[in-house]
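Each remark here refers to the structure printed beneath this line.
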Amino acid sequence: MSDPAATLALVKWLEDRLKNWKAEAKTQLGLLAGERKAAVVGGQVIGHITMTKGRKTARVVSEAGLLAYVKANYPSEIEVEERIRPAFLKQLLDETAKKGAFVDTDGVVIDGLIDVAQGDPYPTARLAEDADITIAGLLSRGALGIDGLRQIEQ
């Protein structure tokens, strides 16, 4: 496809569909942890899907309770640090980004404490309301395909 805007719109459409197809396929898979199934299309094995056992993780349920326990049993592992309250820091950063510089209540610019950076521009894709119908029609007529697969494979 020679039009990069059309390519980005098509990629957006495909990503939206792929996300839904993937979620639906996961719910329909029906494998138990450790089971493996061949992925077959037209009699050809294109890969295998394994239901991988989920990761085991731990999380703190009671931060205050854990802190009290560690203070009592491992006092050398306790740190005390001064920091800006997170809500106030967020407020400072939001105001600074909006103004373009860190400015105190008297209107004086304070340099060297907070940096403001502008991110690089990036494209966003918003599909037309009838994109499903339009793209399906183009695909069915062969007027639209997915280019570049051969280059990716090599």
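The values are calculated or read from the model by the stated rules, or taken from the named source; none is laboratory data. Since the structure is predicted, the reported quantities are computational estimates derived from the model, not experimental observations. Because the Cβ atoms are built from the backbone with ideal geometry, glycine has one as well, and the counts that use them run over all protein chains shown.
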Report task. Could you tell me whether region 121-134 includes any residue that is exposed (fewer than 10 other Cβ atoms within 10 Å of the Cβ), modelled with pLDDT under 95 and in a helix (DSSP H, G or I)? Result -> no
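Is it the case, given these coordinates, that GLY112 is out of contact with any strand residue (DSSP E or B) (no Cβ under 9 Å at 6 or more places or on another chain), surrounded by 10 or more Cβ atoms within 10 Å (Cβ to Cβ) and not hydrophobic (A, V, I, L, M, F, W, C)?
Details: out of contact with any strand residue (DSSP E or B) (no Cβ under 9 Å at 6 or more places or on another chain): yes; surrounded by 10 or more Cβ atoms within 10 Å (Cβ to Cβ): no; not hydrophobic (A, V, I, L, M, F, W, C): yes.
So GLY112 fails the test.
One line per residue, one yes/no per condition, for (1) touching a residue at least 60 places away in the same chain (Cβ under 8 Å); (2) of a type outside the set (S, T, N, Q); (3) not in a loop (DSSP other than H, G, I, E, B):
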| residue | (1), (2), (3) |
| --- | --- |
| ALA39 | no, yes, yes |
| VAL45 | no, yes, yes |
| LYS53 | no, yes, no |
| ARG59 | no, yes, no |
| LEU67 | no, yes, yes |
| SER76 | no, no, yes |
| GLU82 | no, yes, no |
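Looking at region 1-19 only, could you name the residues that are surrounded by 10 or more Cβ atoms within 10 Å (Cβ to Cβ), of a type outside the set (Gly, Ala, Ser) and part of a helix (DSSP H, G or I)? Show your work before the answer.
Looking only at region 1-19, we keep the residues that are surrounded by 10 or more Cβ atoms within 10 Å (Cβ to Cβ), and these are 1, 5-19.
Narrowing the set further to residues that are of a type outside the set (Gly, Ala, Ser) leaves 1, 7-8, 10-19.
Within region 1-19, THR7, LEU8, LEU10, VAL11, LYS12, TRP13, LEU14, GLU15, ASP16, ARG17, LEU18, LYS19 qualify.
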Query raised in the report: Looking at region 36-85, which of its residues are surrounded by 10 or more Cβ atoms within 10 Å (Cβ to Cβ), under 27 Å from the mean Cα position of the chain (by Cα) and either more than 22 Å from LYS26 (Cα to Cα) or of a type in the set (A, V, I, L, M, F, W, C) (or both)?
Result: ALA39, ILE49, MET51
